[in-house]
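A.B. asks: First the structure, which I've put down as structure tokens, then a few questions once you've had a look.
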Amino acid sequence: MTSFTGAQSRGTFLVVDDEPDILDAIARLFRKEYTVLTAQSVEEALKLIAAHDVQVVMTDQRMPKMSGIEFLAELREEHPEIVRVLFTGYSNISDVIDAINEGHVYRYISKPWKPVELRLFVAQAFEYYRAQRERRELLSQLREANEQLEEQNALLSAANEELKLLDRVKNVFMEVVSHELNTPIAIVFGYTFLLRKELGDDLSSVASKALSGIDSSAVRLKNISNRIFKMLGDDGSGEALDLEWVDVRKFVDSLQDQLEPFLQKRHQRLETIVAPEAQSILADEDKLNDMCLNLLMNAIKFSYDEQVITLDIGLSDDPEVLALTVRDSGVGISDDDIAQIFDVFFSTFNTGHHSSGQFEFNKRGIGLGLAVAKRFAEMHGGYIKVDSEEGRGSLFTVYLPVRPEQQTLRGSVQTRQLAQHAPH
């Protein structure tokens, strides 16, 4: 806040009167408080205003050529920020009020004045100038902020419309691609079935192997298609879950059966541990199955032949939270990659390791498996934590609430419980 009194910051005060004695008296009265400029005519006053930063102008009403009110009215047009004060000897108060309204005068002072009153009036005029200046600055800042806000709102509105368009395009894309992919895949399966049925025992080993390769490739393509649509189609909300009580032991046995062909191909073994207290979980079994398969298939692909992969399911420190752990002693994950492994379509930048196969050692897929696993864990109200050291293997732990519907029923309590186990 700027003060217009004192030696460090002096306000500039212009007095206009055609009587030199009055000018001298006022200059002496205020010389210690303000920079006082004096003028005996309107012309001289205008020159001083043009040359100095004047905050307050006080003029006599009776001036040659132009009255004080006329001068102040003209001054208001050119310098509306200057505070205008009129001193007059008018005895008719209505004439004074009319004059003040015409010139938009801040205050008027009647002649003769008392020095104490004049000091007070001038001090109030400078205070009024300061307040008006701050008001103008605040209004300017407010206008600028409003303009910026309007620009941001316009950008957000445009971005929102673009997102809506992209969402519609995505939905159309999913419908078209789903049809265009699944239809020929079904036809491929149909033809291989007909060939096997038609040829029967006459099917040579070479032809049988070729048909198996066709079936395997079709299955691989269908799995890739399904993972893409699961990632693009599920929004992660609880409404997308088909919850049912899942028997953990039977669920683990089913995983073992699904993985057995790949484990045998690599001469690996899956060791499963189910804690007695981890009997069941309320979950979407299909999504839970996909999540676990993605984690376990990664463990198979990135573990060496004849190694053991461990699936351990039990309760965490919180009895309402299930901990599902997949451990391997394979190649591990580099520090550069570990921060991105859950990103959609991230599969490292080494194209030499890329493969759409299901079990080739150290081969990357299209980068959806872990992203899908993370999405499905979060849809259940949980999360995935990973610890890995390159060259020594990886440990993926999924924390899931045993009863995910209680996450909304108990609100912040459930959230706080899960947060206690969250990775930092």
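The values are calculated or read from the model by the stated rules, or taken from the named source; none is laboratory data. Computed from a prediction, not measured in an experiment: that's the story for all the values here. Counting neighbours? That spans all protein chains shown, and the Cβs are built from the backbone with ideal geometry, glycine included.
A.B. asks: Might you let me know whether segment 291-307 holds any residue that is touching a residue at least 24 places away in the same chain (Cβ under 8 Å), under 25 Å from VAL402 (Cβ atoms), assigned by TED's automatic domain parsing to the domain that holds PRO404 and among the hydroxyl-bearing types (Ser, Thr, Tyr)?
C.D. replies: No, because not a single residue in segment 291-307 is touching a residue at least 24 places away in the same chain (Cβ under 8 Å), under 25 Å from VAL402 (Cβ atoms), assigned by TED's automatic domain parsing to the domain that holds PRO404 and among the hydroxyl-bearing types (Ser, Thr, Tyr).
A.B. asks: Kindly evaluate ALA125 against the criterion of being out of contact with any Phe, Trp or Tyr (no Cβ under 8 Å at 6 or more places or on another chain) and surrounded by 10 or more Cβ atoms within 10 Å (Cβ to Cβ).
C.D. replies: no
A.B. asks: In segment 296-345, what residues are assigned to a helix (DSSP H, G or I) and either under 30 Å from the mean Cα position of the chain (by Cα) or among the acidic types (Asp, Glu) (or both)?
C.D. replies: The first filter runs over segment 296-345 and keeps only residues assigned to a helix (DSSP H, G or I), leaving 296-301, 335-338.
Passing the criteria: ASP335, ASP336, ASP337, ILE338.
A.B. asks: Now for a separate question. From PHE376, PHE342, PHE359, grab the single residue that is assigned by TED's automatic domain parsing to the domain that holds PRO261 and at pLDDT below 80. Talk me through it step by step, then tell me what you get.
C.D. replies: Details: PHE376 fails: at pLDDT below 80; PHE342 fails: at pLDDT below 80.
The unique qualifying residue is PHE359.
A.B. asks: Also, I was wondering about something else. Scan segment 244-282 residue by residue and report those that are of a type in the set (A, V, I, L, M), under 20 Å from SER329 (Cβ atoms) and assigned to a strand (DSSP E or B).
C.D. replies: Matches in segment 244-282: LEU270, ILE273.
A.B. asks: Of everything in segment 294-311, what is surrounded by fewer than 20 Cβ atoms within 10 Å (Cβ to Cβ) and within 14 Å of LEU324 (Cα to Cα)? Give them in sequence order.
C.D. replies: Once the filter is applied, which keeps residues that are surrounded by fewer than 20 Cβ atoms within 10 Å (Cβ to Cβ) and within 14 Å of LEU324 (Cα to Cα), segment 294-311 yields only THR310.
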